[in-house]
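Worksheet: one structure, shown below.
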Amino acid sequence: MKGVIIVAKPDDRSDNVEHLQEAVQNTVENLNEAEDYLSEHADEIGSAEQSRIEKKNENRRESIRGFRSEIKDEADYNNRS
């Protein structure tokens with residue numbers, strides 16, 4: 001790569017909040033769909049499958065908390081800029 005200059009792109013955080021909000025919305029929808037599925041089919045699925053879905057939903061709840069924390073951080077950053 002002789003003679004190639006690599007220039008870092010500037011940090012554009014202008015749409016981070018929007019992307020994070022979309023991620024929250026998608027994750028909430030997936031969580032709700034999984035909970036509806038469990039409610040409707042709990043007697044038809046095995047305990048291992050039910051546990052797997054419940055664990056995945058707990059991971060989704062954690063992700064939502066993390067996304068919301070990032071949204072707050074991004075909003076604070078944008079307010080300072």
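Side notes on the structure shown:
- Net charge of Cβ neighbours under 15 Å - reference Arg68; Lys, Arg +1; Asp, Glu -1: -3
- Relative to the longest principal axis of the Cα atoms of the chain, the long axis of helix 16-41 lies at roughly 10 degrees.
- Comparing Arg68, Arg13, Arg60 in a Gaussian network model of the chain where C-alpha atoms under 10 Å apart are linked, the largest mean-square fluctuation is found at Arg13.
- Rounded percent of accessible protein surface that carbon and sulfur make up, the chain, 1.4 Å probe: 48
- Across the stretch 45-56, coupling constants 3J(HN,Hα) worked out from phi with the 6.51/-1.76/1.60 Karplus curve, θ = phi - 60°, read 10, x, 5, 5, 5, 4, 5, 4, 5, 5, 5, 4 Hz, and Gly and Pro carry x.
- Computed over the chain, the ratio Rg/Rh where both radii use C-alpha atoms and Rh is Kirkwood: 1.26
- With all protein chains kept in place, the per residue accessible area of the chain amounts to 80 square angstrom at a probe of 1.4 angstrom.
The values are calculated or read from the model by the stated rules, or taken from the named source; none is laboratory data. Computed from a predicted model, the values in this text were never measured in an experiment. Note that each Cβ is placed from the backbone with ideal geometry, even for glycine, and that neighbours are counted across all protein chains shown. The protein model used for the area step is the full one, side chains on, heavy atoms only, and it has no ligands, DNA or RNA in it. Shrake-Rupley method; radii C 1.70, N 1.55, O 1.52, S 1.80 Å.
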